[in-house]
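Remarks on the structure that follows.
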Amino acid sequence: MTRRAAGVLATLVLVGIATLPAEGLTKPIVDQTAVVFLLDGASFEELLSIPEVRGLAGEGGAALLSARTPLRGALSGAGDLPMNVYLLGEVPDGSGREASLGAAGDAISSVLAMIPKEQRALVIAATSSPSGAMRSRKDDLLGFVMAEGPVTTLVDAATGPPPAADQLSALTSPSTRRDGVVVSADVLPTIEFAFDANKEHGDRPIISFTTAPAPFELHERYLANRRMTVPLQAAAGIYFVAIGLFGILTLRSRTHGRVRSIAAWVAFSVIPFATALLLAGHLPSLSYATVVPFVVAATIAGTLAFVPVERARGPVTAAAAAGAAVLAMFVVESALGWTAALTPFLGGSQLDGGRFFGLPNAYVGLVMGAAVYAAAVVDRPVVGTALVVAAGLFAGLPWTGSNLGGSVTIFAAAGLWYGVRSTGRLGARAVVWTAGMVAAGTAVVLAAHRFLASSPTHITRFVEGESGGILDSFVHRLQVGFDLIARNPFALIPVVGVPLCLLAVLRPPPALRPTFERRPAWRDALLTILAASVVAYVVNDSGAAALGLGFGSGLAGILYVSLLDPPGMMA
């Protein structure tokens, strides 16, 4: 049997078992139809290696598909739409993959040939589940191709010479705000939109065509990041632990001179080190040979840059300057579209599907800590509070960070900062200020997402009640936090470390008490960061990640300033 005949035979079988709808079309539309081809076990590159699929991509576009909702399940609500879904089987691991991909291509061209030529069609070819090989290399992104137009044009595209990879364009959707990335939940609304006589896009999550190149390079970077991120994050966890132990032992030993200074600046390096792990996502190529030297160099340079500030103005001013620099970096990163967050080396990639744009949860604590660091040198509590509130708005508004949990965390820090600075302690007034600041700031963020955002966000859907309600969301977030700790034991360190550091600030041991007595504003800043980190764990869907750098900022602040205070002056 020839390859072509095998493909036609497969097509005839597949037409018979098309499952959505099960039996024909209940409301046929003579001038429009939709055809969906689902192929299991093909990677993005393998799907695009099928000539018929690549031809369709040349006429339309291609994207990486994030399928937290399985694609077959996402299509199950099709109802009586004039749509047929063809299951092209599974590409086997090992031998036979090329033949299976070829048979799938023959099936696609045969089905398209059966559609009446006078119609228009929306044609989708997608991977519906990953293969074992994809899972082994941690490739959770599937392939997706979509084309729309006259059937004759689509048939010519599928059966003609396939275009080169650099001639293909990308798809996108408002759910991801990323060229070359779409989600399975947007597929059915896109098909429904194709049959909408009014064609009113509104705020519906519709997959659309772009002029950006197809995401071959993005997928390559994603796979490189997935290969390296676990070892590098484990190394980062070990580094954080070593920093903490070194600083604590040095502080307790009352060591003088150079060792004490080294321990202080090593503790300070937590801030540039965490920043470098994000900025490494901008490197032209991702490999151990490029990422490791960059992170090391950026950490050393970012630490040494503030030594002159410390010598001229003291450690608190140096920490505040570092905080301001970190906030400026995040503003620039937001203006660049959070591209480093696609392939960071601390926390998850935005391509993993939790949040495709905005401030990553792993960096909520860093933004919060940087804002409080900067506020610590401002004499008037109101001005410092305004700075922290601005950071909260940056974290939450749809045009910048678009992170609801992050904004709530930073608004809590703003309320804590004002309450603690105005009263000198963490008491009832501070709690009242915190609650009021969280309520007011969160209301502004939610209103902006509901009424001012140009396209819906995950926060918009939360406001509109699509996420299952506040209680369900709260329970889900706590469960995600528990799962994160179960998968990554290092995540338990900040969860345990935050209350221990908080206790050390509230009831300082002899090694810390003189510094806090001499620097009450700095003690209040540390108290604010650590208490707000507790809030971060509760309100973010990956709580251990969200409080991680809050813990890092708090512990670094405790050790850095205390170690640089000369023991004689502390007495």
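Listing for the model above:
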read-out	value
Matching residues, segment 209-222, being in contact (Cβ under 8 Å) with a residue 24 or more places away in the chain and either in a strand (DSSP E or B) or surrounded by fewer than 17 Cβ atoms within 10 Å (Cβ to Cβ) (or both)	209, 210, 211, 212, 213
When residues of segment 331-374 are limited to those that are among the β-branched types (Val, Ile, Thr) and surrounded by 24 or more Cβ atoms within 10 Å (Cβ to Cβ), the one farthest from residue 561 (Cα to Cα)	343
Given (1) buried (at least 23 other Cβ atoms within 10 Å of the Cβ); (2) touching a Lys or Arg at 6+ places or on another chain (Cβ under 8 Å), index of the condition residue 139 fails	(1)
Of all residues making up segment 503-529, the number that are open to solvent by 30 Å² or more (accessible area, probe 1.4 Å) and either of a type in the set (D, E, K, R) or touching a Leu at 6+ places or on another chain (Cβ under 8 Å) (or both)	7
Any hit, segment 58-72, residues being among the acidic types (Asp, Glu), open to solvent by 60 Å² or more (accessible area, probe 1.4 Å) and at pLDDT 90 or above	yes
Residue 5 open to solvent by 10 Å² or more (accessible area, probe 1.4 Å) and either in a helix (DSSP H, G or I) or modelled with pLDDT of 50 or more (or both)	yes
From 420, 382, 378, residue being without any contact (Cβ under 8 Å) to a residue 24 or more places away in the chain and farther than 17 Å from residue 553 by Cα	378
Unique residue being modelled with pLDDT of 90 or more and in a helix (DSSP H, G or I) when the list is 495, 480, 538, 505	505
Segment 509-535, residues that are in a loop (DSSP other than H, G, I, E, B) and without any contact (Cβ under 8 Å) to a residue 12 or more places away in the chain	509, 510
Test: residue 229 is modelled with pLDDT of 95 or more, surrounded by 17 or more Cβ atoms within 10 Å (Cβ to Cβ), on the phi < 0 side of the Ramachandran plot and not aliphatic (A, V, I, L, M)	no
Any chance residue 128 is free of Cβ contacts under 8 Å to residues at least 24 places away in the same chain and over 14 Å from residue 60 (Cα atoms)	no
Single match in 288, 239 (criterion: farther than 19 Å from residue 365 by Cβ and either open to solvent by 20 Å² or more (accessible area, probe 1.4 Å) or of a type outside the set (Asp, Glu) (or both))	288
Any hit, segment 162-182, residues being without any contact (Cβ under 8 Å) to a residue 24 or more places away in the chain and either hydroxyl-bearing (Ser, Thr, Tyr) or part of a helix (DSSP H, G or I) (or both)	no
Wholly within segment 58-145, strands (runs of 3 or more DSSP E) carrying at least 3 residues that are within 26 Å of residue 224 (Cα to Cα)	61-66, 120-129
Set 87, 75: member being surrounded by fewer than 21 Cβ atoms within 10 Å (Cβ to Cβ), at pLDDT below 95, more than 17 Å from residue 216 (Cβ to Cβ) and among the hydrophobic types (A, V, I, L, M, F, W, C)	87
Given (1) surrounded by fewer than 20 Cβ atoms within 10 Å (Cβ to Cβ); (2) within 18 Å of residue 126 (Cα to Cα); (3) of a type in the set (Phe, Trp, Tyr), index of the condition residue 144 fails	(1)
Lone qualifier among 133, 165 - being open to solvent by 30 Å² or more (accessible area, probe 1.4 Å), among the hydrophobic types (A, V, I, L, M, F, W, C) and in contact with a Phe, Trp or Tyr (Cβ under 9 Å, 6 or more places away or on another chain)	165
Meets criteria (surrounded by fewer than 24 Cβ atoms within 10 Å (Cβ to Cβ), touching a residue at least 60 places away in the same chain (Cβ under 8 Å) and part of a helix (DSSP H, G or I)) for residue 561	no
Enumeration of residues in segment 302-328 that are in a helix (DSSP H, G or I), open to solvent by 30 Å² or more (accessible area, probe 1.4 Å) and either in contact with a Pro (Cβ under 7 Å, 6 or more places away or on another chain) or closer than 24 Å to residue 521 by Cβ (or both)	308, 309, 310, 311, 312, 313, 317, 321, 324, 325, 327, 328
Residue in segment 195-202 that is in a loop (DSSP other than H, G, I, E, B), of a type in the set (Lys, Arg) and either open to solvent by 30 Å² or more (accessible area, probe 1.4 Å) or in contact with a Cys (Cβ under 7 Å, 6 or more places away or on another chain) (or both) present	yes
Top-ranked residue of segment 378-435 - restricted to ones that are touching a His at 6+ places or on another chain (Cβ under 9 Å) and in a helix (DSSP H, G or I), ranked as surrounded by the most Cβ atoms within 10 Å (Cβ to Cβ)	396
Candidate set from segment 261-279 (those that are more than 19 Å from residue 246 (Cβ to Cβ) and touching a Leu at 6+ places or on another chain (Cβ under 8 Å)); member that is surrounded by the fewest Cβ atoms within 10 Å (Cβ to Cβ)	278
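Yes/no matrix, rows are residues, columns are (1) touching a Cys at 6+ places or on another chain (Cβ under 8 Å); (2) in contact (Cβ under 8 Å) with a residue 60 or more places away in the chain; (3) at positive phi:
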| position | (1), (2), (3) |
| --- | --- |
| 239 | no, no, no |
| 257 | no, no, yes |
| 265 | no, yes, no |
| 284 | no, no, no |
| 294 | no, no, no |
| 306 | no, no, no |
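The values are calculated or read from the model by the stated rules, or taken from the named source; none is laboratory data. Everything numeric in this text was worked out from a predicted model, so none of it was measured. Positions of Cβ are backbone-derived with ideal geometry, glycine not excepted, and every protein chain shown enters the neighbour counts. The area values use the complete protein model at the heavy-atom level, side chains included, leaving out ligands, DNA and RNA. Shrake-Rupley method; radii C 1.70, N 1.55, O 1.52, S 1.80 Å.
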